Amino acid sequence: MPTHYQPSVQKRQLAPGAGVDIVGDLHGCMDELLVLLDQAGYQIRQSPDGARYRIYHSERRLLFLVGDITDRGPHNLDALRFVRDLVASGAGSCVVGNHDDKLIRAILGRPVMHGNGLGGTLEELEAASPEERVELLKMLQGLPTQILLQRPDDREVIIVHGAAPEHHQLLPQKSSYERAIYAYPGGEKKDGGIRRRDWAADYQGERVVVHGHEPQPRRLVKNRVYNLDTGCVFGGRMTLFQLDKDSFLEQKAFHTYHQKKGFSGTS
Ligand code: MN
């Protein structure tokens, strides 16, 4: 039986001074994403039937997402369409997250639990034609596990959903994929949340690492490791990191789409 997903690294050589934007976990929060992209100078057009996005930036900035395209948020089908059209345009890409991995398995009919928002995403997908569902599946299966940005005049950058400490960069081990999408699951905290190993605190690598997966009330930057998941779907905010300017844009969530125990986006 063919594997549902083949781990891969996508390498991109950047021109000197290239503009690069990286956005945290999406989870179907298209309204906040579009506001952020407008602030960052993108012109996004959706076709009247909603099926296609046109993504344009006059300075040809590149746009990357850290994965978890769908689940729990309000516009999961549109989020998938947006990423499909971003990838097709060549102007950006997205790494695979644990929710994307699970969605691939669900579309393929593998046994997966429908909790954590997956059921809602699958319901939304019923509005897509069979041809479009195949297209979206192909897009998901083609997402890289890690993206390596090679900057001529600066440090290399790894984009990953979960974790990419030095010994997992460029996927040298079998377990690198699991680290990439789940990071380091640990025990349960008193408040019911999950305690994870703080790999960024020990990071001494040369490369900059940009990731999501672990929602925090505020973005975290530690030892050249950037966590952009600021829990938009949980009522926090969505964060866009302008790599070339080392600056951030943020959009507060319009709603708390899903209550997460122990997460307060307002703190
Ligand atoms: Mn996530």
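The table that follows gives values for the structure above.
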{"read-out": "Value of relative contact order over the stretch 56-175, rounded to a whole percent, pairs C-alpha under 8 Å and six or more apart", "value": "28 percent"}
{"read-out": "Solvent-accessible area of GLU178 with every protein chain in place, 1.4 Å probe, in Å² to the nearest 10", "value": "100 Å²"}
{"read-out": "Net length gained if the chain between ASN116 and GLU135 were fully extended (0.36 nm per residue, minus Cα distance)", "value": "4.5 nm"}
{"read-out": "Karplus-derived HN-Hα couplings along the stretch 93-104 (A = 6.51, B = -1.76, C = 1.60, θ = phi - 60°), whole Hz, x at Gly and Pro", "value": "6, 8, 8, 7, x, 4, 5, 5, 4, 5, 5, 4"}
{"read-out": "Theoretical gain in end-to-end length, GLN13 to PHE248 [0.36 nm per residue, Cα-Cα removed]", "value": "82.3 nm"}
{"read-out": "Given charges at Cβ of Lys, Arg, Asp, Glu: the chain dipole, positive-most of ALA128, VAL87, PHE263", "value": "PHE263"}
{"read-out": "Dipole magnitude of the stretch 45-193 about its Cα centre (Cβ charges: Lys, Arg +1; Asp, Glu -1), debye to nearest 20", "value": "180 debye"}
{"read-out": "Structure-based [θ]222 nm, the chain - -39500 (n - 2.57) summed over DSSP H runs of at least 4, per residue, nearest 500", "value": "-6500 deg cm²/dmol"}
{"read-out": "Rounded to 5, percent antiparallel among DSSP beta bridges of the stretch 137-267", "value": "70 percent"}
{"read-out": "Low-density loop positions, chymotrypsin sites (Phe, Trp or Tyr not before Pro), the stretch 199-259 - DSSP coil, at most 13 other Cβ in 10 Å", "value": "PHE254"}
{"read-out": "Prolate/oblate/rounded label for the chain (Cα gyration tensor, a/c 1.5)", "value": "rounded"}
{"read-out": "Candidates per GluC sites (Glu not before Pro) in the stretch 83-151, loop by DSSP, up to 15 other Cβ within 10 Å", "value": "GLU126"}
{"read-out": "Rounded if a/c under 1.5, otherwise prolate or oblate - the stretch 65-211, Cα gyration tensor axes", "value": "oblate"}
{"read-out": "Largest to smallest accessible area among ASP198, ASP71 [probe 1.4 Å]", "value": "ASP198, ASP71"}
{"read-out": "Cα-Cα over 23 Å, subset of LYS138/LYS245; LYS102/LYS174; LYS11/LYS260; LYS174/LYS261; LYS11/LYS245; LYS222/LYS245", "value": "LYS138/LYS245; LYS11/LYS260; LYS174/LYS261"}
{"read-out": "Fully extended contour minus Cα-Cα distance, from ARG224 to ALA88, at 0.36 nm per residue", "value": "46.0 nm"}
{"read-out": "Rounded, prolate or oblate (a/c below 1.5 giving rounded, otherwise prolate when a/b exceeds b/c) for the stretch 1-111 by Cα gyration tensor", "value": "oblate"}
{"read-out": "With all protein chains modelled, accessible area of THR256 [1.4 Å, Å²]", "value": "80 Å²"}
{"read-out": "3J(HN,Hα) from dihedral phi, the stretch 20-27, Karplus parametrisation 6.51/-1.76/1.60, rounded to Hz, x for glycine, proline", "value": "9, 10, 10, 10, x, 3, 8, 6"}
{"read-out": "Förster radius 45 Å - calculated FRET efficiency between VAL35 and GLU166, Cβ distance, rounded to 0.05", "value": "0.80"}
{"read-out": "Rounded to the nearest 10 Å², the accessible area of LYS260 at probe 1.4 Å", "value": "80 Å²"}
{"read-out": "Net charge dipole size for the chain [Lys, Arg +1 and Asp, Glu -1 on Cβ; Debye, nearest 20]", "value": "500 debye"}
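The values are calculated or read from the model by the stated rules, or taken from the named source; none is laboratory data. What you are looking at is a predicted structure, and each value in this text was computed from that prediction instead of being measured. All Cβ positions, glycine included, derive from the backbone under ideal geometry; neighbour counts span all protein chains shown. What goes into the accessible areas is simple: the full protein's heavy atoms, side chains included, and nothing from ligands, DNA or RNA. Shrake-Rupley method; radii C 1.70, N 1.55, O 1.52, S 1.80 Å.
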